[in-house]
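Beneath this line is the structure, given in structure tokens, with notes to follow.
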Amino acid sequence: MMKTKFLLSLVVLMTSLYGFSQRGVRIGYVDMEYILENVEEYRDASEQLNAKAQKWKQEIELKQSAIDQMKKDLMAEKVLLTDELITEREEEIQILEKEMLDYQQDRFGPKGDLVLQKQLLIQPIQDQVFNEVQKIGANKRYDFIFDKSADVVMLYSEKRHDISDLVLREIGRTRKVSASNKNQELQSRLEKFQADEENADEEISEALRERQERTDSIQQANAKAAEDKRAEQLRLREERKKAYEERRKKLLEEREAKRQAKLEERKKAQEEQKDSIPY
């Protein structure tokens, strides 16, 4: 796609150059990345946005850490839990994993907050650059002005064709003329951005609190169920032990009774034999 755009731009340029062959052709270019880096408001807003992105990243890491711990706890307690409790905890882990992935996508996805808010910050400056390039092109009689950071591939260009600093100066002059309006507009945008983030943070904090309460409740229920199961196992073990002792005692008593009966029979037989001998 990029090669196609480059070839198309090259064809248009060569065709235009042929038309301007009778006079000198003025060509310039701007480096949008360089311009953005040198606009103070953009730098400040970018730092704020990067701080937010770092905070979002830490929140995702905390969520992942909590999920990993829940998985470890489940593996450790699995032998003590019923199948129903195991299923409930696995479902809870799956829900939290999905929520974490959705949150990650909402923040860092192709249509996430980071991309959209970067576009929000860049767009006003791009509009200013476009306006100033139009003025410079008309006033200084440029035939072509390219954007170095755009899809048009610039394999080589003389530095003297770079008018980025000129655009920055013109932007500075424009801002001095309408500084109050621009600052107010930017400040309003930043305040709206911060307010939206604060509201989002409050909603996230409330959701996290509710989720944590639900998780704590489930964990307490699981712990109680595990304790009840352990107590039931001990009770059954004691009952089996008691039943075994009773059977053993009964068996010993029966053996002793049989032995005594045999002894009595033998004693009786000896007495009868003794009585049958004539004197």
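Summary of computed values
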read-out	value
Some residue of region 28-48 being among the hydrophobic types (A, V, I, L, M, F, W, C) and loosely packed, with under 14 Cβ neighbours inside 10 Å	no
Filter result (at pLDDT 75 or above, charged (D, E, K, R) and in contact with a helix residue (DSSP H, G or I) (Cβ under 6 Å, 6 or more places away or on another chain)) within region 137-176	Asp147, Glu170
Test: Ala51 is at pLDDT below 85 and among the small types (Gly, Ala, Ser)	no
Selection status of Pro124, out of contact with any Lys or Arg (no Cβ under 6 Å at 6 or more places or on another chain), closer than 30 Å to Ser164 by Cα and exposed (fewer than 12 other Cβ atoms within 10 Å of the Cβ)	no
Options Glu90, Glu40, Glu59: the member that is at pLDDT 90 or above, among the charged types (D, E, K, R) and either touching a Phe, Trp or Tyr at 6+ places or on another chain (Cβ under 8 Å) or over 30 Å from Arg230 (Cβ atoms) (or both)	Glu59
Positions within region 72-106 being within 17 Å of the chain's Cα centre (by Cα) and either under 18 Å from Gln219 (Cα atoms) or surrounded by fewer than 11 Cβ atoms within 10 Å (Cβ to Cβ) (or both), in sequence order	Glu92, Ile93, Gln94, Ile95, Leu96, Glu97, Lys98
Residue that is farthest from Glu158 (Cα to Cα) [pool: residues in region 30-43 that are in contact (Cβ under 8 Å) with a residue 40 or more places away in the chain and assigned to a helix (DSSP H, G or I)]	Glu41
Residue in region 130-141 that is farthest from Glu41 (Cα to Cα), counting only those that are basic (Lys, Arg) and surrounded by 11 or more Cβ atoms within 10 Å (Cβ to Cβ)	Lys140
Restricting region 85-129 to residues that are among the basic types (Lys, Arg) and touching a helix residue (DSSP H, G or I) at 6+ places or on another chain (Cβ under 6 Å), the residue that is farthest from Glu40 (Cα to Cα)	Arg89
Verdict on Asp106 being in a helix (DSSP H, G or I) and over 22 Å from Gly172 (Cα atoms)	yes
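The values are calculated or read from the model by the stated rules, or taken from the named source; none is laboratory data. Treat the numbers as computed from the prediction; the structure is a model and nothing was measured. Neighbour counts run over all protein chains shown; Cβ positions are idealised from the backbone, glycine included.
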